[in-house]
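In what follows, a single structure is set out as structure tokens and then discussed.
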Amino acid sequence: LAEKIARLSGIPDAKVFFCNSGSEANDTALTLATNHRRSQQVLAMRNSYHGRGFGPLAVTGNRGWSATPLSPFRVAYVEGSYRYRSPYRQRDDAAYISACVDDLRRTLATTTSGEIACLLAEPIQGVGGFTSGPDGLLGALAEVVAEQGGLFVSDEVQTGWGRTGDHFWGFQAHGVEPDMITFAKGMGNGLAIGGVVGRPEVMEAVTTSSISTFGGNPLSTSAANATLDYLLEHDLQANAAKLGNLLLSGLRDLADTHAVIGDVRGRGLMLALELIVPGSDVPDPATAARLMEETRGRGLLVGKGGLHNNVIRMAPPMTLTDEEAGEALDVLAASFDAVTG
């Protein structure tokens, strides 16, 4: 499994470390980056979420999920991954990226010493409400970080394994090669597994004894190996692209007839609807909560998240069929009629 992941990562001579979850994977990556760079200064994206451990919580840029004011790091937060509510939202892609790069340079100049350990970023923010910047954003930010000697870590806990449809890894939409990739969730198909894959000199940055007791256990790695084989043999990435486009089109049709939907976004089988008070951009978490109950009552489970808890998130299985996608859209339509009628 490790050899397969190293090959799929695209990182030359990559090494892999297995653990139990995305939280532990991101904690491991932060430990490696700060050791490799001999710096505790970390960059993270605003509106981000990286897990529930002390280290991942410290770099989470979403107050609703930040469970402690304490931190082992000196953290600075970067603009760009929540375009719908960004001050640069009206700009085209190139101008938006340029503005975010300028913001990063100001952040580096005013809130850090310049000795950056890494930028940790989700290509599509999960808990944040399936938000993302334009293609190429993370590559442009990582280039600035690299000028300072810092690393780029791509948090692929939710975006990995072809879920975005267009690419196998989320970072591939941004023209960047990460120094490390963190992964978990889907590759275990329900069994607990996580890990980090990265450049050998970075993966070897911790020279003391260290172990994840259940990381790489025979049961989880066998399940992950079988899951990954099935995913590749049945080209579930292509299915995610095809069904994602079908769902996205249907969600946009819903937005045309329901003013409570302020934004439709997503890629592959990571899709979201941001709900607002009609005629404004004020978040509407109450309607989001009611909609979840309406869909549940009709047999469809959706998620809820976002900075303001007003985003309906959809991440169906990568084995989703056309018939199931159509049924989901019908349930969503009926549910929106119920909460807005």
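The values are calculated or read from the model by the stated rules, or taken from the named source; none is laboratory data. This one's a predicted model, so the numbers in the text were calculated from it and none came from an experiment. Note: ideal-geometry Cβ built from the backbone for every residue, glycine included; neighbour counts use all protein chains shown. Remember, those area values only see protein heavy atoms, side chains included, never the ligands or the DNA or RNA. Shrake-Rupley method; radii C 1.70, N 1.55, O 1.52, S 1.80 Å.
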Which residues, counting only those in the range 104-137, are within 21 Å of the chain's Cα centre (by Cα) and either surrounded by fewer than 18 Cβ atoms within 10 Å (Cβ to Cβ) or free of Cβ contacts under 8 Å to residues at least 40 places away in the same chain (or both)?
135, 136
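Residue by residue, here is whether (1) surrounded by fewer than 23 Cβ atoms within 10 Å (Cβ to Cβ); (2) basic (Lys, Arg) holds:
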site	(1), (2)
174	no, no
178	no, no
185	yes, yes
190	yes, no
207	yes, no
235	yes, no
253	yes, no
257	yes, no
270	no, no
I'd like to check which strands (runs of 3 or more DSSP E) are fully inside the range 118-224 and have at least 1 residues that are within 25 Å of residue 95 (Cα to Cα).
151-155
Would you call residue 226 of a type in the set (A, V, I, L, M), in contact (Cβ under 8 Å) with a residue 60 or more places away in the chain, surrounded by fewer than 22 Cβ atoms within 10 Å (Cβ to Cβ) and farther than 30 Å from residue 136 by Cβ?
no
Those strands (runs of 3 or more DSSP E) lying entirely in the range 1-101 with at least 2 residues farther than 18 Å from residue 212 by Cα:
41-45, 74-78
So which of 339, 311 is within 17 Å of residue 274 (Cα to Cα) and surrounded by fewer than 22 Cβ atoms within 10 Å (Cβ to Cβ)?
339
Going by the conditions given, is residue 48 in contact with a Ser or Thr (Cβ under 7 Å, 6 or more places away or on another chain), of a type in the set (Ser, Thr, Tyr) and surrounded by fewer than 16 Cβ atoms within 10 Å (Cβ to Cβ)?
no
Which residue pairs have Cβ atoms closer than 7 Å, lie 6 or more positions apart in sequence or on different chains, and pair a first residue in the range 274-287 that is in contact (Cβ under 8 Å) with a residue 60 or more places away in the chain with a second residue that is surrounded by fewer than 21 Cβ atoms within 10 Å (Cβ to Cβ) and assigned to a helix (DSSP H, G or I)?
274/84
Hey, does the range 294-302 have a residue that's within 30 Å of residue 191 (Cβ to Cβ), open to solvent by less than 70 Å² (accessible area, probe 1.4 Å), within 22 Å of the chain's Cα centre (by Cα) and in contact (Cβ under 8 Å) with a residue 60 or more places away in the chain?
no
